[in-house]
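Let me begin by presenting the structure, written as structure tokens, before commenting on it.
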Amino acid sequence: MTTPKDLRNKRLAERMIKNLKRRHMEAFYCETAEEAVKKVSELIPDGSSVTWGGSMTIRDMGIPQALRERGTLEVLDRDLVVSNEEKLQMYVRAFTADVYLSSANAISEDGVIVNIDGNGNRVAAITWGPKKVIFVIGLNKVAQTVEAALARARSTASPINAARFDIQTPCQQDGVCHNCNSPESICNYVHFLRNSPKGKHTVVLVGEDYGY
């Protein structure tokens, strides 16, 4: 049964797809996570090397497992490395991947994608290196304007991620962004993607709530 929320999500996604295409990004809408996993897999050709950032959206949807089970991809699985040295090596290898998967901390209705990083490896890979970047973004991360998207990234996503990693920042203590300069800050790099050079970026919007 189609609900009012389903109708709203579909109409919002249709509008956003037009705006993303205007920004030279390929874009799709999937009502469910199951559909999104299939769509992401379809977008990655056999023989491709693929990796991903620290996104909980990617993991909670089961995308890494689906890609591993295909058996036709070179999966650079950052989740299997343990030591800091191995992690650094995987971060560097990500720049040579054919496909890099990510979510977003927020996206504006007119298609600007906002991400905030502590180490910068994710926003660096989004910007340069991998041949193709695929974003998987739940509609819960949509904000009306770019300014609202940045506010969401800083005031919602960052405090939750600080708690997730047990990082001792002021926002970890009370859930509020303090615009801090903490040495453990996870808000060191702020990234706005407003256009995709040469169609490098693809966005899969999902009509379910995923990620922070």
**Message:** Give me the percent of accessible area attributable to carbon and sulfur for region 1-92, probe 1.4 angstrom.
**Reply:** 50 percent
**Request:** Would you work out what percent of the accessible area of region 122-212, with all protein chains in place, is carbon or sulfur (probe 1.4 Å)?
**Result:** 52 percent
**Request:** Report, in deg cm²/dmol and to the nearest 500, the calculated mean residue ellipticity at 222 nm for the chain, where each DSSP H run with n ≥ 4 adds -39500 (n - 2.57) and the sum is divided by the residue count.
**Result:** -10000 deg cm²/dmol
**Request:** Springs between alpha-carbon atoms under 10 Å, Gaussian network over the chain: tell me which of PRO197, PRO183, PRO45 tops the mean-square fluctuations.
**Result:** PRO183
**Prompt:** Excluding ligands, DNA and RNA, what is the solvent-accessible area per residue of region 47-133 at a probe of 1.4 Å, expressed in Å²?
**Reply:** 42 Å²
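The values are calculated or read from the model by the stated rules, or taken from the named source; none is laboratory data. What you see is a predicted model, and the numbers here were worked out from it, not measured in a lab. Protein only, heavy atoms only, side chains kept; ligands, DNA and RNA dropped before computing areas. Shrake-Rupley method; radii C 1.70, N 1.55, O 1.52, S 1.80 Å.
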